[in-house]
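Structure record follows, encoded as structure tokens.
The values are calculated or read from the model by the stated rules, or taken from the named source; none is laboratory data. The structure presented is a predicted model; accordingly, all values stated were derived computationally and were not measured. Here the Cβ positions follow ideal geometry from the backbone for every residue, glycine too, while neighbour counts run over all protein chains shown. Ligands, DNA and RNA are excluded from the accessible area calculation, which covers all protein heavy atoms including side chains. Shrake-Rupley method; radii C 1.70, N 1.55, O 1.52, S 1.80 Å.
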Amino acid sequence: PTWGRILLLEVTRQMTGQDNLIPSWSGRVMFAHEFRGATRGPVTAVAALEGHLLVAIGNKLLVHVWNGEKLEGCAFFDAPLSTVSLTVVKNFVLLGDIAKSVYFLHFREDKDPAGGKHLLQLAKDFEHLKVLGTEFLIDG
């Protein structure tokens, strides 16, 4: 079996030298998580979505939020086969599936404090096409 893994890194730049003109970079691992439980498999795509982390693991699309210590799952979408591409514009997601073409999703947060976060399917392509990459073309 294969396991996916997410690493969150913090990268900082400090200016050094006599006149503070030489950049010096440093980094550290803030968080590491392996997907070994019910959701296991390789991480096939990652994207940022309005301050959240969008992670594709096989046919599962998970939305995580960073709480300062760890990633917590807050929404999901079940794709048909295997997600290979994610493209995000604002709160819209274009998901590319390896054999089932593309899906157009919308991420919504309820304004009610007790409300949740949702990934909603707005549209899909009914042709079974192989997709390796997706991208938005914004007019205007």
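Might you check whether a residue that is at positive phi and touching a residue at least 12 places away in the same chain (Cβ under 8 Å) occurs anywhere in region 56-77? Full working, then the answer.
Restricting attention to region 56-77, the residues satisfying the condition of being at positive phi are 58, 68.
Imposing the further condition that a residue be touching a residue at least 12 places away in the same chain (Cβ under 8 Å) reduces the set to 58.
Yes, because at least one residue in region 56-77 is at positive phi and touching a residue at least 12 places away in the same chain (Cβ under 8 Å).
Within region 1-10, does at least one residue satisfy the condition of being at pLDDT below 95 and buried (at least 16 other Cβ atoms within 10 Å of the Cβ)? Working first, answer last.
Of the residues in region 1-10, the ones at pLDDT below 95 are 1-10.
Checking which are buried (at least 16 other Cβ atoms within 10 Å of the Cβ) leaves us with 4, 6.
Yes, region 1-10 contains at least one residue that is at pLDDT below 95 and buried (at least 16 other Cβ atoms within 10 Å of the Cβ).
Please enumerate the residues belonging to region 1-31 that are of a type in the set (D, E, K, R) and in a strand (DSSP E or B).
The answer is ARG5, GLU10, ARG13, ARG28.
Can you say whether THR39 is out of contact with any Pro (no Cβ under 6 Å at 6 or more places or on another chain) and not in a strand (DSSP E or B), as far as the supplied structure shows?
Values: out of contact with any Pro (no Cβ under 6 Å at 6 or more places or on another chain): yes; not in a strand (DSSP E or B): yes.
Answer is yes for this residue.
Residue by residue through region 92-112, note down the ones that are surrounded by 10 or more Cβ atoms within 10 Å (Cβ to Cβ) and out of contact with any Leu (no Cβ under 8 Å at 6 or more places or on another chain). Break it down into steps so the answer makes sense when it comes.
Here is the first cut: in region 92-112, the ones surrounded by 10 or more Cβ atoms within 10 Å (Cβ to Cβ) are 92-110.
Answer for region 92-112, where residues must be surrounded by 10 or more Cβ atoms within 10 Å (Cβ to Cβ) and out of contact with any Leu (no Cβ under 8 Å at 6 or more places or on another chain): GLU109, ASP110.
For residues that are farther than 15 Å from VAL46 by Cα and touching a Lys or Arg at 6+ places or on another chain (Cβ under 7 Å), tally how many sit in region 62-90.
Residues in region 62-90 being farther than 15 Å from VAL46 by Cα and touching a Lys or Arg at 6+ places or on another chain (Cβ under 7 Å): 4 in total.
Consider THR16 carefully, then state whether it is open to solvent by 50 Å² or more (accessible area, probe 1.4 Å), over 26 Å from LEU120 (Cβ atoms) and hydroxyl-bearing (Ser, Thr, Tyr).
Yes; evaluated as a whole, the condition is true for this residue.
Pairs needed: first member in region 1-27, among the small types (Gly, Ala, Ser); second member anywhere, open to solvent by 100 Å² or more (accessible area, probe 1.4 Å) and at pLDDT 90 or above; C-beta distance under 6 Å; at least 6 residues apart or different chains.
SER24/GLN14; GLY27/LEU9
Starting from region 113-140, keep only residues that are open to solvent by less than 100 Å² (accessible area, probe 1.4 Å), then list their pairs with residues that are in a loop (DSSP other than H, G, I, E, B) whose Cβ atoms are within a distance under 7 Å, requiring at least 6 positions of separation or different chains.
GLY116/ASP110; VAL131/ILE98
Report, by residue number, each residue of region 61-80 that is closer than 21 Å to LEU132 by Cα, touching a Phe, Trp or Tyr at 6+ places or on another chain (Cβ under 7 Å) and open to solvent by 60 Å² or more (accessible area, probe 1.4 Å).
none
Of the conditions (1) at pLDDT below 90; (2) of a type outside the set (Phe, Trp, Tyr); (3) open to solvent by less than 70 Å² (accessible area, probe 1.4 Å), ARG40 fails just one. Which one is it?
(3)
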